[in-house]
Amino acid sequence: MTTALTPNAVSRSADPIKSEVDYETLAAKFRPIFADIAQAVVERERDHVLPFQQIDALKKAGFGAVRVPTTHGGSGASIPQLIRLLVELSSADSNITQALRGHFAFVEDRLVADPGPERDTWLRRFAEGQLVGNAWTEIGDVALGEANTKVSPAPDSDHFLANGAKFYSTGSIFADWIDLYSQRTDTGAFVIAAVEARQPGVTHSDDWNGFGQQTTGSGSSVYENAIVQPENIFDFSTRFKYQTAFYQLFHLATLAGIAKAATTEISRRVASRSRTFSHGNAPRYAQDSQIQQVVGEVSSAAFAAEAVALHAAQSSQWAYEAAFSGSPEEEKAANIAAEIDSGRGQVASIGLVVPATAKIFDALGASGVSRDLDLDRFWRNARTVASHNPVVFKSKVVGDYEINGTEPIYVWAIGTAPTEKDVQA
């Protein structure tokens, strides 16, 4: 997916959402649900119970429409406000944030689409609580930059048929629609097909087997003559330009939330601990200066990770607003800032949160590794999130930009690289 994305110079008639709501007012609506989500998170992690009920509660409360304008039934939140909410949600259950990642990206794409009946239809669906899953990545023999999943005109009909298989189909098992990256057989164009998720031609499987983020439902999905209406096929070249940065913001929010939850958990367990060590520094464990140091370091990592996520979100907000400016120069500058800042954020947050979630065991000793406590979930989940979008490449992109002013690649793909024979041919 290395298609060049050129800024859209057309000024849209709709105004961008800067903020239509006070954050505390917005967050108060969802905090009781976040608290309920946190109640059984250990049991869900330990027993591999997918959070259908928890996501359904968020749907009914309008969480999926927080970015939708109030004029269309949403909350009118800005991107930084969304990211703050996601940090809070991630502190309750980081799996759910990742499960909703594809939904909010599709919402973002519809927000910057040209105003009209088709856009209004999607905004209404979001306001009604409908969710969108994500299905882009293919595994196996797919060539780099290609898509084996195809969308074809149906014989003697005005609709299309989708055929193919995807993996890492994040959130699709919970969704009403699927954001399906595919290729048209009639024109060869790469497209996004919005596929109704609950139809006979679509099969979802909970077969993601990673050691972390185990309840995101990020398994495989298969499409066998799945029906797609023509108005639900969007040329990929029109996709919102800051999408990679926006996707990365979810990982930054997830990492920050994991670190906050780890801080809360380690602080509670240290404070309530009655046993101490003969060679420690205080008669009460909670008063031991070295243990306090460990907790302080974990807390500081959580503080910094959240600050990084919110700072990077400001750049994506600028990119969103610039999409409405009618200025290709401003839009390009904003897109570069969003991409570079999200990359910097990834490098910084991973370097903070992954070590911090391992460090909690320094303060708890052998009892901290009990399977009943499941405290290793913080490290496992952080390490898994950190493995998406390899951080070494982000470091390289940021360094190349700083040294040479090289514009980042906004959209990238994974697949089988061409051989020397292929190149020569």
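The values are calculated or read from the model by the stated rules, or taken from the named source; none is laboratory data. These numbers come from a predicted model, not from an experiment. With ideal geometry, Cβ positions are generated from the backbone for all residues, glycine too; neighbour counts draw on all protein chains shown. With ligands, DNA and RNA removed, areas are computed over all heavy atoms of the protein, side chains included. Shrake-Rupley method; radii C 1.70, N 1.55, O 1.52, S 1.80 Å.
Entry note, the chain: the mean residue ellipticity at 222 nm calculated from DSSP H runs of n ≥ 4, each adding -39500 (n - 2.57), is -16000 deg cm²/dmol after division by the residues and rounding to the nearest 500.
Comparing A35, A194, A309 in a Gaussian network model of the chain, where Cα atoms under 10 Å apart are tied by springs, the biggest mean-square fluctuation is seen for A35.
Computed across region 122-268, the Kirkwood hydrodynamic radius from all distinct Cα-Cα pairs reaches 16.7 Å.
Across the alpha-carbon atoms of region 310-358, the computed radius of gyration and Dmax are 13.7, 47 angstrom. Peptide packing: for 281-291, 341-351, the average count of neighbouring Cβ atoms within 10 Å per residue gives the ranking 341-351, 281-291, highest mean first. Each eigenvalue of the Cα gyration tensor of region 275-425, multiplied by 5 and square-rooted, gives one semi-axis; in descending order these are 42, 22, 13 Å. Accessible area of T263 (1.4 Å probe, protein heavy atoms only, ligands and nucleic acids ignored): about 20 Å².
Assuming a viscosity of 0.890 mPa s and a temperature of 25 °C, what translational diffusion coefficient in µm² per second does Stokes-Einstein assign to region 144-215, Rh being the Kirkwood radius over Cα pairs?
Approximately 181 µm²/s, per Stokes-Einstein.
Expressed as a whole percent, the accessible surface of the chain that belongs to carbon and sulfur atoms is 53, based on a 1.4 Å probe. Shown are D141, D374, D235, whose ranking by accessible area with a 1.4 Å probe and every protein chain present, most to least, is D141, D235, D374.
Take each peptide in 392-400, 126-134, count the other Cβ atoms within 10 Å of every residue, and average; sorted highest first, the result is 126-134, 392-400. Would you mind telling me which residue in H204, H103, H279 has the biggest mean-square fluctuation in a Gaussian network model of the chain, where springs connect alpha carbons within a distance under 10 angstrom? It is H279. Between region 206-281 and region 55-113, the C-alpha centres lie 14 angstrom from each other. Dividing the Cα radius of gyration of the chain by its Kirkwood radius returns 0.99 for Rg/Rh. Between the helical axis of 328-364 and the longest alpha-carbon principal axis of the chain there is an angle of about 30 degrees. A P(r) calculated from all alpha carbon pairs of region 209-250, with 10 Å bins opening at zero, reads 18, 28, 42, 13 percent.
Across the chain, Cα pairs under 8 Å and at least six residues apart give a relative contact order of 20 percent. Binning all Cα-Cα separations of region 72-207 at 10 Å, short to long from zero, yields these whole-percent fractions: 11, 36, 36, 15, 2, 0. Surface exposure of the chain, expressed per residue as accessible area with a 1.4 Å probe, stands at 43 Å². Relative to the dominant Cα principal axis of the chain, helix 289-322 is inclined by about 20°. A straight Cα-to-Cα reach below 22 Å connects K29 with the lysines K18, K59, K60, K260, residues fewer than 8 places away in its own chain not being considered. Within the listed set A356, A366, A245, the residue fluctuating most in the Gaussian network model of the chain (springs between alpha-carbon atoms under 10 angstrom) is A366. Round to the nearest 10 and give me the degree value, 0 to 90, for the angle of helix 117-127's Cα axis relative to the longest principal axis of the chain. Around 20 degrees separate the two axes.
Ranked from largest, the principal axis spans of the Cα set of region 207-345 equal 71, 43, 17 Å.
For a straight C-alpha distance cut-off of 25 angstrom, the lysines reachable from K150 (same-chain residues fewer than eight places away being disregarded) are K166, K241. Under a model in which nothing but the beta-carbon of Lys, Arg (+1) and Asp, Glu (-1) is charged, region 320-396 shows a dipole of about 460 debye around its Cα centre.
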